[in-house]
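Undergrad: First the structure, then my questions, so here it is.
The values are calculated or read from the model by the stated rules, or taken from the named source; none is laboratory data. Bear in mind that the values here come from a model prediction, so they are computed numbers and not experimental data. Here the Cβ positions follow ideal geometry from the backbone for every residue, glycine too, while neighbour counts run over all protein chains shown.
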Amino acid sequence: MINDAINTSRVIGFDAHPDSFTAAILSGPTPAAAVVEKMFNKVPMNRLLQWAKKNTLDSDIIVLEASGNSFHIARSLRSAGREASVLESRHIGKLKEAHANNDKISAIRIGKAYLAGTAKIVWIPDETTQERRDTFHTYSKAVKRSTQVTNRIKSYLSDHGVRLKSKTHILNQKESIMQACQWSPRERLIIEGMLMDLQNAQSQRAHWNHFMAQEVLHDPLLLSLTRLTGVREIVAYSIGAIIGDINRFASPKKLVAYIGLNPAFDKSGEGEWNGGIKGHGRRDLRSHLIEAAQSILQSNHDLGRWGKKLMARKGSRNLAVAAVARKLAVAIWYLMKGLWSTVEEVEAGMKLKIGKMIGKMGKEGLSLIGKTRKEFKEEIEQNLKKGREYILDRARSSPLKSSLKEAS
């Protein structure tokens with residue numbers, strides 16, 4: 001949302017750093033009329049709440065640029081009874097590039113950007129959502145690291161004329177790699193070091209995958225998301241982490257735009273497609289929905305068949321994948337809002353999906369909750385039926401009931 005009319009007499013521009021902050025108290029309804037009442041430069045961050053109680057009023061609005069610790073600062077200020085908002089960093093960054101910059105100027109500029117009404121206000125995640133985002137991004141980094149090390153190993157082996165088996169994981173080929181040629185002692189150390197890096201990345205990936213699967217299975221909202229075709233623990237967890245409170249999106253269209261799945265358009269009317277889905281929105285969530293859409297498109301599910309027809313008609317697989325992902329995003333909005341049918345019977349495909357998610361927890365995960373696999377699976381199936389309240393009945397289902405039924 002863009003800032004509406006300012007109803008307060010003072011706006012405080014807040015330029016935050018890890019150990020200190022600079023704040024400018026501005027009075028005035030517009031950037032041109034704003035006067036700097038007082039400036040606080042390089043105040044130690046550990047004095048934040050003390051400073052706020054002494055120098056700010058309940059009617060003040062404190063505005064920050066989105067950065068590493070801005071959400072934490074905003075939540076801290078709100079807990080102390082102060083109004084705090086975070087502004088999108090892209091707009092503030094352009095202002096920094098256009099003018100000379102220091103902490104004092106930045107604080108004033110942030111305040112005036114808010115007064116101008118052109119800076120987008122960023123939603124501040126609650127603590128649970130923030131923790132989920134941190135977990136999700138840690139998992140994503142482990143996946144990225146695993147891919148990087150895998151490619152590095154393949155490249156190194158290829159440089160020495162060694163080819164790996166395509167359907168066998170590298171870590172299961174260690175012995176054959178070492179026997180593939182006459183490695184020198186240094187080369188052996190290099191290979192062993194890279195395999196150790198890969199083992200560590202894989203362990204980190206598996207660790208966070210187990211954790212996310214366990215949380216999805218125990219959280220009614222996240223568990224309900226797995227009712228959608230193409231959605232299992234990773235996608236469900238990413239939805240909960242990135243979207244957070246679904247009520248901040250007034251319509252499915254708002255959510256689609258937030259993710260960055262806005263449809264492409266035929267500018268010329270002659271099949272020349274422009275305006276793709278890259279370069280805007282939440283890339284972290286969009287990439288997972290695109291992966292889910294790829295899987296759906298390869299299936300015989302209703303939505304998959306719809307996507308195949310679209311691909312045949314438009315002659316573009318990428319366009320069809322994006323369209324399927326967009327339908328999935330719309331379904332996510334309705335499901336998270338509770339505009340869906342209740343689960344009367346857990347179908348075979350859903351049972352299979354639940355079993356796979358429990359498998360991600362492993363024996364250690366099951367032992368921690370003190371249940372057998374069968375007991376826990378039965379419990380999850382019951383939670384799927386009773387864990388959430390839905391507004392629509394099965395007869396009305398959802399606006400996408402023909403193409404978004406429950407599926408594995």
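Undergrad: Name the residue, out of 255, 261, that is assigned to a helix (DSSP H, G or I) and either in the same structural domain as residue 330 (by TED's automatic domain parsing) or surrounded by 21 or more Cβ atoms within 10 Å (Cβ to Cβ) (or both).
TA: Just a single option satisfies the conditions, and that option is 255.
Undergrad: Any idea which residue in segment 116-139 is surrounded by the fewest Cβ atoms within 10 Å (Cβ to Cβ), counting only those that are touching a Gly at 6+ places or on another chain (Cβ under 7 Å) and assigned to a helix (DSSP H, G or I)?
TA: Filtering segment 116-139 for residues that are touching a Gly at 6+ places or on another chain (Cβ under 7 Å) and assigned to a helix (DSSP H, G or I), the one surrounded by the fewest Cβ atoms within 10 Å (Cβ to Cβ) comes out as 129.
Undergrad: Quick one: residue 300 ticks every box in (1) at pLDDT 90 or above; (2) more than 30 Å from residue 149 (Cβ to Cβ); (3) of a type outside the set (Gly, Ala, Ser) bar one, so which box is it?
TA: Condition (1) is where residue 300 drops out.
Undergrad: Please go through segment 11-65 and pick out each residue that is surrounded by 16 or more Cβ atoms within 10 Å (Cβ to Cβ) and of a type in the set (Gly, Ala, Ser).
TA: Listed by number, the residues that qualify are 13, 16, 20, 23, 24, 28, 34, 52.
Undergrad: Go through (1) charged (D, E, K, R); (2) under 26 Å from the mean Cα position of the chain (by Cα); (3) at pLDDT 95 or above and name the single condition residue 90 misses.
TA: So the condition that residue 90 fails would be (3).
Undergrad: Out of all the residues in segment 350-364, is one or more in contact (Cβ under 8 Å) with a residue 24 or more places away in the chain, on the phi < 0 side of the Ramachandran plot and among the small types (Gly, Ala, Ser)?
TA: Within segment 350-364 (the criterion being in contact (Cβ under 8 Å) with a residue 24 or more places away in the chain, on the phi < 0 side of the Ramachandran plot and among the small types (Gly, Ala, Ser)), the answer is no, since none of the residues qualifies.
Undergrad: For residues that are without any contact (Cβ under 8 Å) to a residue 12 or more places away in the chain and either among the aromatic types (Phe, Trp, Tyr) or under 30 Å from residue 282 (Cβ atoms) (or both), tally how many sit in segment 149-172.
TA: The number of residues fulfilling the criteria is 1.
Undergrad: Can you pull out every residue in segment 331-347 that is at pLDDT 95 or above and β-branched (Val, Ile, Thr)?
TA: 332 - this is the single residue of segment 331-347 that is at pLDDT 95 or above and β-branched (Val, Ile, Thr).
Undergrad: Mind checking which residues of segment 186-206 are touching a helix residue (DSSP H, G or I) at 6+ places or on another chain (Cβ under 8 Å) and without any contact (Cβ under 8 Å) to a residue 24 or more places away in the chain?
TA: Once the filter is applied, which keeps residues that are touching a helix residue (DSSP H, G or I) at 6+ places or on another chain (Cβ under 8 Å) and without any contact (Cβ under 8 Å) to a residue 24 or more places away in the chain, segment 186-206 yields only 188.
Undergrad: Could you please let me know if residue 208 is outside any helix (DSSP H, G or I) and surrounded by 14 or more Cβ atoms within 10 Å (Cβ to Cβ)?
TA: Answer is no for this residue.
Undergrad: If we scan segment 93-113, do we find a residue that is over 30 Å from residue 61 (Cβ atoms) and surrounded by 12 or more Cβ atoms within 10 Å (Cβ to Cβ)?
TA: Looking through segment 93-113, none of the residues is over 30 Å from residue 61 (Cβ atoms) and surrounded by 12 or more Cβ atoms within 10 Å (Cβ to Cβ).
Undergrad: From the set of residues in segment 359-399 that are among the aliphatic types (A, V, I, L, M) and either surrounded by 12 or more Cβ atoms within 10 Å (Cβ to Cβ) or part of a helix (DSSP H, G or I) (or both), which is modelled with the lowest pLDDT?
TA: So, considering only residues that are among the aliphatic types (A, V, I, L, M) and either surrounded by 12 or more Cβ atoms within 10 Å (Cβ to Cβ) or part of a helix (DSSP H, G or I) (or both), the one modelled with the lowest pLDDT is 392.
Undergrad: What helices (runs of 4 or more DSSP H) lie completely within segment 272-358 and have 2 or more residues being within 20 Å of the chain's Cα centre (by Cα)?
TA: Result: 283-297, 317-337.
Residues checked against (1) closer than 30 Å to residue 78 by Cβ; (2) more than 32 Å from the chain's Cα centre (by Cα); (3) of a type in the set (S, T, N, Q):
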{"position": "125", "(1), (2), (3)": "yes, no, no"}
{"position": "178", "(1), (2), (3)": "no, yes, no"}
{"position": "183", "(1), (2), (3)": "no, yes, no"}
{"position": "202", "(1), (2), (3)": "no, no, yes"}
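Undergrad: Regarding residue 339, is this residue under 30 Å from residue 389 (Cβ atoms) and crowded, with 21+ Cβ neighbours inside 10 Å?
TA: For residue 339, the condition - under 30 Å from residue 389 (Cβ atoms) and crowded, with 21+ Cβ neighbours inside 10 Å - is not met.
Undergrad: For the list (1) surrounded by 14 or more Cβ atoms within 10 Å (Cβ to Cβ); (2) modelled with pLDDT under 90; (3) more than 16 Å from residue 232 (Cβ to Cβ), I need the number of the one condition that residue 268 fails.
TA: It fails just one condition, (1).
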